[in-house]
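Peer 1: Quick one: structure below, then a few questions.
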Amino acid sequence: MKILRFQKDNNEAVGILKNRMVYEVSSESRIVPQIGSCPELGNSHSLDEVKILPPVYPSKVVCVGLNYRDHAKELDMELPDEPVLFLKPPTTVIGHDEAIIYPPESRQVDYEAELAVVVGQTAHKILPEDVPEFIAGYSVLNDVTARDLQQKDGQWTRAKSFDTFCPLGPWMEAEMDPANQKISMHVNGELRQDSNTRNMIFPVEELFSFISHIMTLNPGDVIATGTPPGVGQLQVGDVAEATVEGVGTLSNPVK
Ligand code: MG
């Protein structure tokens, strides 16, 4: 089930997406759509008639550094013993079709296609086997990075945190096997990244558990699970399209 947050006639609403139609539902939460027991309201719209919003409003986006075996091989790096974590502030999040703004401070802005995990309920010190019940769904994320500033600063906050550096969407898929989905990035229609989530070093349940032992995860928080090989640069005028097989394609122009 694909759950969409959208704007129509200046009103924000949540809907279920079926065959490019959006069926409005009442949501149990403004932060993360939880619609298990909520009925359809009867209003429906063509997907082309609504403005797609980010699927959730995270209090934090927790990201993982190197997490694909094929990416580690590409970089000739050893596999890490533990996930390397960093944060993106919630002010980085934009939705499908919104513009990534190329900051004047950087000369190298890179794309990174990633599977996003959306937290469904407050999670603190959760065992891997209990993780699935704490996940609301999955989305697509582009971990946009000012690579030159990442290398210059030695730590990653500035490079990862410019406004608009976290495209997220276009919607959330509530039921999906996160362990076997194709993941790709096209820039201006050209394939740049092409892998599968089965190449993750730390699978979703392990990552989620690891993070939850460090910080409490709130409903709507997002975990970005790392990027496969083929990371490269974006230029002003480009269109970045990140795809996760079971979710869909997240498209964002660069301005
Ligand atoms: Mg990344």
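Peer 1: Exactly one of (1) within 16 Å of the ligand (Cβ to nearest atom); (2) out of contact with any Cys (no Cβ under 6 Å at 6 or more places or on another chain); (3) under 13 Å from Asn67 (Cβ atoms) is unmet by Phe208. Its number?
Peer 2: For Phe208, the exception is condition (1).
Peer 1: Hey, among the residues in segment 217-235 that are within 13 Å of the ligand (Cβ to nearest atom) and in a loop (DSSP other than H, G, I, E, B), which one's nearest to Glu206 (Cα to Cα)?
Peer 2: Thr225
Peer 1: Out of the residues in segment 92-119 meeting the condition of being charged (D, E, K, R) and not in a loop (DSSP other than H, G, I, E, B), tell me which one is nearest to Pro253 (Cα to Cα).
Peer 2: Step one: of segment 92-119, the residues charged (D, E, K, R) are 97-98, 105, 107, 110, 112, 114.
Subsequent filtering for residues that are not in a loop (DSSP other than H, G, I, E, B) retains 110, 114.
Working: Asp110: 13, Glu114: 17 Å.
Ranking the candidates gives Asp110 first.
Peer 1: Also, quick follow-up: Could we say that Thr122 is polar (S, T, N, Q), more than 16 Å from the ligand (Cβ to nearest atom) and touching a residue at least 12 places away in the same chain (Cβ under 8 Å) here? Break it down stepwise before answering.
Peer 2: Working: polar (S, T, N, Q): yes; more than 16 Å from the ligand (Cβ to nearest atom): yes; touching a residue at least 12 places away in the same chain (Cβ under 8 Å): yes.
Judged against the criteria, Thr122 is a match.
Peer 1: Report yes if Met200 is within 16 Å of the ligand (Cβ to nearest atom) and over 13 Å from the mean Cα position of the chain (by Cα), otherwise no.
Peer 2: Working: within 16 Å of the ligand (Cβ to nearest atom): yes; over 13 Å from the mean Cα position of the chain (by Cα): yes.
For Met200, the condition - within 16 Å of the ligand (Cβ to nearest atom) and over 13 Å from the mean Cα position of the chain (by Cα) - is met.
Peer 1: Spot the failing condition for Pro104; the list is (1) surrounded by 13 or more Cβ atoms within 10 Å (Cβ to Cβ); (2) modelled with pLDDT of 95 or more, and only one is missed.
Peer 2: Checking Pro104 against (1) surrounded by 13 or more Cβ atoms within 10 Å (Cβ to Cβ); (2) modelled with pLDDT of 95 or more, the one that fails is (1).
Peer 1: Output the residue which, of all residues in segment 22-77 that are within 16 Å of the ligand (Cβ to nearest atom) and part of a strand (DSSP E or B), is surrounded by the most Cβ atoms within 10 Å (Cβ to Cβ).
Peer 2: So, considering only residues that are within 16 Å of the ligand (Cβ to nearest atom) and part of a strand (DSSP E or B), the one surrounded by the most Cβ atoms within 10 Å (Cβ to Cβ) is Cys63.
Peer 1: Tell me which of these Phe86 doesn't satisfy, since it passes every other one: (1) in a strand (DSSP E or B); (2) outside the structural domain of Met185 (by TED's automatic domain parsing); (3) closer than 29 Å to Phe210 by Cβ.
Peer 2: (2)
Peer 1: Across segment 242-255, what is the total count of residues that are part of a strand (DSSP E or B) and either over 14 Å from the mean Cα position of the chain (by Cα) or surrounded by 24 or more Cβ atoms within 10 Å (Cβ to Cβ) (or both)?
Peer 2: The initial filter retains those residues of segment 242-255 that are part of a strand (DSSP E or B), namely 242-244, 248-254.
Now restrict to residues that are either over 14 Å from the mean Cα position of the chain (by Cα) or surrounded by 24 or more Cβ atoms within 10 Å (Cβ to Cβ) (or both): 242, 244, 250, 252-254.
Counting residues in segment 242-255 that are part of a strand (DSSP E or B) and either over 14 Å from the mean Cα position of the chain (by Cα) or surrounded by 24 or more Cβ atoms within 10 Å (Cβ to Cβ) (or both) gives 6.
Peer 1: Let me ask you something else. Could you tell me whether segment 66-80 includes any residue that is of a type in the set (Lys, Arg) and under 24 Å from Ser195 (Cα atoms)? Reasoning before the result, please.
Peer 2: Going through segment 66-80, the residues of a type in the set (Lys, Arg) turn out to be 69, 73.
Then keep just the ones that are under 24 Å from Ser195 (Cα atoms); that gives 69, 73.
Scanning segment 66-80, I find at least one residue that is of a type in the set (Lys, Arg) and under 24 Å from Ser195 (Cα atoms), so the answer is yes.
Peer 1: Now, a different point. Considering only segment 120-155, state which residues are outside any helix (DSSP H, G or I), within 20 Å of Gly230 (Cα to Cα) and in contact with a helix residue (DSSP H, G or I) (Cβ under 9 Å, 6 or more places away or on another chain).
Peer 2: Asp143, Val144, Thr145, Ala146 - these are the residues of segment 120-155 that are outside any helix (DSSP H, G or I), within 20 Å of Gly230 (Cα to Cα) and in contact with a helix residue (DSSP H, G or I) (Cβ under 9 Å, 6 or more places away or on another chain).
Peer 1: Specify which of the listed residues (Asp238, Asp194) is closer than 15 Å to Lys73 by Cα and more than 16 Å from the ligand (Cβ to nearest atom). Before you say what the answer is, go through the steps one by one.
Peer 2: On the way: Asp238 fails: closer than 15 Å to Lys73 by Cα.
Within the list Asp238, Asp194, the selection yields Asp194.
The values are calculated or read from the model by the stated rules, or taken from the named source; none is laboratory data. Everything numeric here is computed off the predicted structure, so don't read it as measured data. Heads up, the Cβs are rebuilt from the backbone with ideal geometry, glycines too, and the neighbour counts pull from every protein chain shown.
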